[in-house]
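Structure first, commentary second.
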Amino acid sequence: MGNAEKTFKLMKKILLLNPPGKNLYIRDYYCSKISQANYISQPIDLLIISANLRKINCEIKLIDGIVQNYSAHTMLAQIKDYNPDYIITLTGAVSWDEDVEFFKALKNNLNCKLVASGDILLENPDKYLKELSIFDAIITDFTSKSVIDYIESDRNDKLLLNADTSNSFDLAGTPYHEEFLKIGYRYPFTTSKKYCSVLTEFGCPYKCSFCIMGKIKYKIRPEEKIIEELKYIKSLNVKEVFFVDQTFGANKNKTNKLLKDMIETKLGISWFGFSRVDVLNEEVLKLMKTSGCHTLILGIESGSEKILESYRKGYTKEDILRTLAICKKLKIRTVGTFIFGLPDETAETAQETLQFIKTLPLDYASFNVAVPRAGTELREQALSLGLIKDDFITMDQSGTKVAMSTKQLTQKEIKKIKQKAIIAFYLRPGYLIGRLMKIRSFYEFIQNILNAYYLLKRGK
């Protein structure tokens, strides 16, 4: 047998999979939900895992049943045709019942290993490995290189691919951005059709009680590796990047060095990402702007100081107004995210938020409802108050179905409040005129129209 034939025999076929679904499910980064508008972003779990697969002698294929709009039957046929040795898949609390049925069909029709990552698997992964025969392994940290050893060793025992204890993470190679660019991922704040997603930090150092990210081991990535990846992205003729960090800028020293290197390297890449109002000041915002930042997504959450304090946000309304004013001065677009229906929410605190919304110089807003995710303090609070039962696992923060009542508000009342917020923010005449005047490309114009249509349609 020749060397070429030996290589062919040893090469493993690995499928990266986002399963099909009845809705526009977003399942990545341990935060599953239904898309509120018409967007579906590149799944960062699979993208980062693809970087570690660079070290394995393998062939990689990506199929995204949501973006490619495949039915379960069509997708199953495509997977059978590809006949992978391993499937690394996403799942989520928002689509759990559908996902399980599809995974059962996969295991009944293919002889391959099924490895899963998702929010629902974080709290008690051993339970899912033991009770469900469909999973061969579960990934609880998609940055971990343990997937390399698992695949190379061809293990037959069920295994948890856990996080390491380091404060930093590196990847075995550069993510397969070229594979993800083949699929029509879209995000409402992009200014061009092609973009790539990049992760510079994993988890979050902040401890908001309703969020799972504070429970995940916070790790940062070497700055030189990020620059290397950005250069690779530029070589693919892509000029826009989505920094998918939960809080871009949380590590000030790393952030300042990265931004300065981006400027000095003259990459010519524009970017957007998530951050917090209390980690941003005028100095870092100027660096962000000079390095290519056009949009920041910021957690506002509530217009009630009581709610902000109760759920450990760590900043005040004054901090919010200060940061938004600087962004406006520097012409950085801002997106505010809001949560209605936390257990301490009342009609009065909700009204405070509705009034606060009207005073904020935001370019966009995202309105969500509280969901008691597995592993969060919010879930513990909801259980102790009797707002949910122990077996409640299917939920959607976008509010297609409100997960729970508060101490004083019903689920129906919470949904109405969210609808009022959408109207109060997006249907102001002054806002609509300003939004149109800021559009910089025909692609951006079309995306604004589509997202507005679906936001209003799904917000009913």
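All but one of (1) more than 15 Å from the chain's Cα centre (by Cα); (2) over 22 Å from A93 (Cα atoms) hold for L160; which doesn't?
(2)
When you scan region 1-103 for helices (runs of 4 or more DSSP H) that lie fully inside it, which ones turn up with 1 or more residues that are of a type in the set (A, V, I, L, M, F, W, C) and touching a His at 6+ places or on another chain (Cβ under 8 Å)?
44-53
Identify all residues within region 65-100 that are in contact with a Leu (Cβ under 7 Å, 6 or more places away or on another chain) and either of a type in the set (D, E, K, R) or not assigned by TED's automatic domain parsing to the domain that holds L46 (or both); write none if there are none.
Across region 65-100, the qualifying residue is only K80.
Could you identify the single residue in V277, V335 that is under 24 Å from Y426 (Cβ atoms) and part of a loop (DSSP other than H, G, I, E, B)?
When all the criteria are applied, what remains is V277.
Quickly run through region 144-179 and pick out the residues that are of a type in the set (V, I, T) and either in contact with a strand residue (DSSP E or B) (Cβ under 7 Å, 6 or more places away or on another chain) or within 19 Å of C112 (Cβ to Cβ) (or both). Step through it out loud before you land on a result.
Within region 144-179, the subset of a type in the set (V, I, T) is 147-148, 151, 165, 174.
Hits for region 144-179 are V147, I148, I151.
For a quick check of your reading: which strands (runs of 3 or more DSSP E) sit entirely within region 112-211 and have at least 2 residues that are buried (at least 21 other Cβ atoms within 10 Å of the Cβ)? Quick ask: steps written out before the conclusion?
Details: elements: 113-117, 137-139, 159-161, 196-198.
Counting at least 2 such residues, we get 113-117, 137-139, 196-198.
Quickly run through region 23-44 and pick out the residues that are at pLDDT 95 or above and surrounded by fewer than 23 Cβ atoms within 10 Å (Cβ to Cβ).
The answer is I44, and nothing else.
Looking at S291, S302, can you tell me which residue is over 27 Å from S209 (Cα atoms) and at pLDDT 95 or above?
Matching residue, one of S291, S302: S291.
Within region 397-412, how many residues are at pLDDT 90 or above and either part of a helix (DSSP H, G or I) or over 21 Å from T346 (Cβ atoms) (or both)?
2
Would you confirm whether any residue within region 263-274 is charged (D, E, K, R) and either crowded, with 17+ Cβ neighbours inside 10 Å or in contact with a His (Cβ under 9 Å, 6 or more places away or on another chain) (or both)?
No, the conditions are met nowhere in region 263-274.
Has region 445-459 got any residue that is crowded, with 17+ Cβ neighbours inside 10 Å, at pLDDT below 90, closer than 27 Å to G214 by Cβ and in the same structural domain as D319 (by TED's automatic domain parsing)?
No, there is no match, as no residue in region 445-459 is crowded, with 17+ Cβ neighbours inside 10 Å, at pLDDT below 90, closer than 27 Å to G214 by Cβ and in the same structural domain as D319 (by TED's automatic domain parsing).
Residues N237, N253: which one is assigned to a loop (DSSP other than H, G, I, E, B) and surrounded by fewer than 18 Cβ atoms within 10 Å (Cβ to Cβ)?
On inspection, the qualifying residue turns out to be N237.
Within region 260-310, can you find the residues that are closer than 16 Å to L362 by Cα and charged (D, E, K, R)?
The answer is R276, E301.
Would you mind finding the one in L62, L53, L46 that is touching a Leu at 6+ places or on another chain (Cβ under 8 Å) and over 21 Å from W96 (Cβ atoms)?
L62
Being under 19 Å from F242 (Cβ atoms) and either among the hydrophobic types (A, V, I, L, M, F, W, C) or not assigned by TED's automatic domain parsing to the domain that holds E240 (or both) is the filter here, so list the residues in region 264-283 that pass it.
L267, I269, W271, F272, F274, V279, L280
The values are calculated or read from the model by the stated rules, or taken from the named source; none is laboratory data. Quick caveat, the model's predicted, so the values are computed rather than measured. Here Cβ is always computed from backbone atoms with ideal geometry, including for glycine, and neighbour counts include all displayed protein chains.
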